[in-house]
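Here's the structure, in structure tokens; my notes come after.
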Amino acid sequence: MDFRKSKTSNHENGLTKKVDLDTILTEDIGQFGMYQLRLLMLTALLIIFTALFALEFIFSAARINTRCLIPECEREAVEFSPSWISNAVPTSEGSVDNCHRYRSVNATARTNDCPKEWFDRDEVVSCSDYVYENSDTVIYHFGLACDEWRPTFIGSVQSTGALLALPITGFLSDRWGRRFALSWNALNIAWLGIVRYWVNNYYGFLVVELFKTTLGGGAFSCAYILVMELVGPKYRVPAGATINTFYSIGQMLLGLMAWAIPYWKHLILAIFVPQFLFISYFWIMSESVRWYMSKGRYEKAEVFLKNVARINKRELSEKSLQALRENAEVEKRLKALEKEYKQEQPWLITLVFQNKVILRRCCVSPFWWVASALIYYGMSINAVNISGNRYINFAAAAASEIPGYWIAVFLLDRIGRKPVLVGGYWTCAACQLAYIFIPAGLYGASLSVYLIGKLSIAIVMMSLYIYTAEIYPTKHRHSLLAFSSMIGRLGAIAAPLTPALGASIWHHFPSALFFGFALIAGGTVFLAPETLGTSLPDTMEEASAIGVDS
């Protein structure tokens, strides 16, 4: 059975002109009018709060300076930096050692005076108890002093939950609608985020964190789909850049909020209590017209489209609506035929291995996504470890992403996909290398290089989704793109571990890691073709032929 011939004959015998939703948007109700603008603004508010809860762990699980408790010198009132501390604890450049002290040779003494003669300065031992500089984060709450790994696992668990949220949210969205899935995620993020306020056990905290993001981490994808399904083709890339821009604004706001509300329990209340407001989006926002049509609810879809046309001050003809309904029925029948056709075809993995060109792309594109996620989230997380004010550094790193998104929008259709991706990766790699060798005292230079690197990886993040979709055929585009994106989440899961690797191996190890991944990822882009000016391929053969004549 030739499915493509069936598809052609259906269109020839049914409709003289194909009228789909993109046609309605372009010719009747407007690709981007007042209705789409209102939808985008509602989505932008949700995206800002999505950024707040997605990266909140950076501050709620941030390191706290610690030192050993010196029981022979300290009684009830404990000061973090008493005048005698250098006698009992090793110091370096004015900072005390977080995890070690000198061995005591006068353990029976009990006085507030601690002369150096009481300690063997040639022998350093680990702390038996700790003094914390403050109680602002879960480090103090769960007693995680000098434990570099357990705090980082909080971020990795959060990223793991975000990965698990994708199929759950996809199922809810396709079964009961985008609005239901969005409100479901908002409810779970709100109450599970607040529950952590009362959790007094580290492992219980991890469990709640996992459930929080697994059951509520899909809000971003729901909002993104709602916008993209109602914006015309001409404005989809700028709309995507706008959504990413508001995500960066949310990160900037997170840095400022954490500065103003340093205590982690108060911070999570400030972030998660307002999340309950987004449950109201079930009534405020309209359901996706594409979802209505996919479920055969054409009456609701037509009422919705007429309302959009009215708000956009456009007119939607009954003729267009009738043509849209007829084409929707044709597409439904074609999907049924395609389903039967696919059952007779080899599995997708078999088709991929039979086509060496597509197999090569399936090997390199997931690496692009892993590298991008690792570097993007890793740079956000490690921004708080740059010398200077951690909150300003984090906000500045988030702000640097915004021009990156719009540079990508400007360049993609002018110089091509590959130059933008290679340039973004390799500029980021050069900045990571330069950051390693900049002297510690040059704060302005190191921060500037760091921000340029973050801008560069934002260019890549904006471009990667478009480019990956263009190198795969229509029949398998969603599956192969989802495969790359899913593998890419491994980078997001690993990113929170990089500060601990830096503390355990070498303080510049994260930058060296980002340098290596960016350098290699940029090089592997040359293994795929340029797609600027090409039509989206429908079959494996058409996808393989891209770039052959260039």
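The values are calculated or read from the model by the stated rules, or taken from the named source; none is laboratory data. Please read all numbers here as calculations on a predicted model, not as lab measurements. As a convention, Cβ positions derive from the backbone with ideal geometry for all residues, glycine included, and neighbour counts pool all protein chains shown. Ligands, DNA and RNA are excluded from the accessible area calculation, which covers all protein heavy atoms including side chains. Shrake-Rupley method; radii C 1.70, N 1.55, O 1.52, S 1.80 Å.
Report yes if ILE459 is in a helix (DSSP H, G or I), among the aliphatic types (A, V, I, L, M), open to solvent by 40 Å² or more (accessible area, probe 1.4 Å) and more than 15 Å from LEU513 (Cα to Cα), otherwise no. When the stated conditions are applied, ILE459 does not pass them.
Please pick out the residue among TYR281, TYR292, TYR298, TYR235 that is free of Cβ contacts under 8 Å to residues at least 40 places away in the same chain and under 21 Å from LEU42 (Cα atoms). Talk me through it step by step, then tell me what you get.
Working: TYR281 fails: free of Cβ contacts under 8 Å to residues at least 40 places away in the same chain; TYR298 fails: under 21 Å from LEU42 (Cα atoms); TYR235 fails: free of Cβ contacts under 8 Å to residues at least 40 places away in the same chain.
Residue meeting the stated conditions: TYR292.
State yes or no: is TRP368 of a type in the set (Phe, Trp, Tyr) and either closer than 22 Å to ALA500 by Cα or surrounded by 18 or more Cβ atoms within 10 Å (Cβ to Cβ) (or both)? Before you say what the answer is, go through the steps one by one.
On the way: of a type in the set (Phe, Trp, Tyr): yes; either closer than 22 Å to ALA500 by Cα or surrounded by 18 or more Cβ atoms within 10 Å (Cβ to Cβ) (or both): yes.
It is true that TRP368 is of a type in the set (Phe, Trp, Tyr) and either closer than 22 Å to ALA500 by Cα or surrounded by 18 or more Cβ atoms within 10 Å (Cβ to Cβ) (or both).
The set of residues in region 63-76 being aliphatic (A, V, I, L, M), touching a helix residue (DSSP H, G or I) at 6+ places or on another chain (Cβ under 7 Å) and open to solvent by 10 Å² or more (accessible area, probe 1.4 Å) consists of ILE64 alone.
Pick from ASN393, ASN385: which is surrounded by 18 or more Cβ atoms within 10 Å (Cβ to Cβ) and in contact (Cβ under 8 Å) with a residue 40 or more places away in the chain?
Numbers: ASN385 fails: surrounded by 18 or more Cβ atoms within 10 Å (Cβ to Cβ).
Of the residues listed, the single one that is surrounded by 18 or more Cβ atoms within 10 Å (Cβ to Cβ) and in contact (Cβ under 8 Å) with a residue 40 or more places away in the chain is ASN393.
Of all residues in region 110-143, those satisfying the criterion of being in contact (Cβ under 8 Å) with a residue 60 or more places away in the chain and among the acidic types (Asp, Glu) are ASP129, GLU133, ASP136.
All told, THR245 meets the bar of being in a helix (DSSP H, G or I), modelled with pLDDT under 95, closer than 28 Å to PRO403 by Cβ and not acidic (Asp, Glu).
When region 113-169 is examined, which residues are found to be β-branched (Val, Ile, Thr), open to solvent by 50 Å² or more (accessible area, probe 1.4 Å) and assigned to a helix (DSSP H, G or I)?
In the first step, residues of region 113-169 are kept if they are β-branched (Val, Ile, Thr); the result is 124-125, 131, 137-139, 152, 154, 157, 160, 168-169.
With open to solvent by 50 Å² or more (accessible area, probe 1.4 Å) added as a condition, the list becomes 124, 168.
If the condition is that a residue be β-branched (Val, Ile, Thr), open to solvent by 50 Å² or more (accessible area, probe 1.4 Å) and assigned to a helix (DSSP H, G or I), then ILE168 is the only one that fits.
Can you tell me which residue is farthest from the chain's Cα centre (by Cα) among those in region 411-432 that are open to solvent by 70 Å² or more (accessible area, probe 1.4 Å) and at pLDDT 90 or above? The selected residue is ILE415. Within region 498-550, being in contact (Cβ under 8 Å) with a residue 24 or more places away in the chain, under 30 Å from THR152 (Cβ atoms), open to solvent by 30 Å² or more (accessible area, probe 1.4 Å) and among the hydrophobic types (A, V, I, L, M, F, W, C) holds for ALA503, ALA512, LEU513, PHE515, PHE517, LEU519, ILE520.
The one condition from (1) more than 35 Å from the chain's Cα centre (by Cα); (2) at pLDDT 85 or above; (3) over 26 Å from VAL227 (Cα atoms) that LEU337 does not meet is (2).
Do the conditions hold for PHE220, that is, is it over 29 Å from VAL89 (Cβ atoms), assigned to a helix (DSSP H, G or I), within 16 Å of the chain's Cα centre (by Cα) and in contact (Cβ under 8 Å) with a residue 12 or more places away in the chain? Give the derivation first.
Numbers: over 29 Å from VAL89 (Cβ atoms): yes; assigned to a helix (DSSP H, G or I): yes; within 16 Å of the chain's Cα centre (by Cα): yes; in contact (Cβ under 8 Å) with a residue 12 or more places away in the chain: yes.
Yes: the conditions hold for PHE220.
Considering the conditions (1) closer than 25 Å to ILE268 by Cβ; (2) over 16 Å from the mean Cα position of the chain (by Cα); (3) assigned to a helix (DSSP H, G or I), ARG236 is excluded by exactly one of them, (1).
Region 490-550 holds helices (runs of 4 or more DSSP H) entirely within its bounds, and those carrying 3 or more residues that are within 29 Å of ILE436 (Cα to Cα) map to 498-504, 509-524.
Mind listing just one residue for me: the one in region 77-97 that is of a type in the set (S, T, N, Q) and within 18 Å of ARG121 (Cβ to Cβ) and, of those, surrounded by the fewest Cβ atoms within 10 Å (Cβ to Cβ)?
Step one: list which residues in region 77-97 are of a type in the set (S, T, N, Q), which gives 81, 83, 86-87, 91-92, 95.
So of that shortlist, the ones also within 18 Å of ARG121 (Cβ to Cβ) come out as 83, 86-87, 91-92, 95.
Numbers: SER83: 10, SER86: 15, ASN87: 19, THR91: 12, SER92: 7, SER95: 11.
By that ranking, first place goes to SER92.
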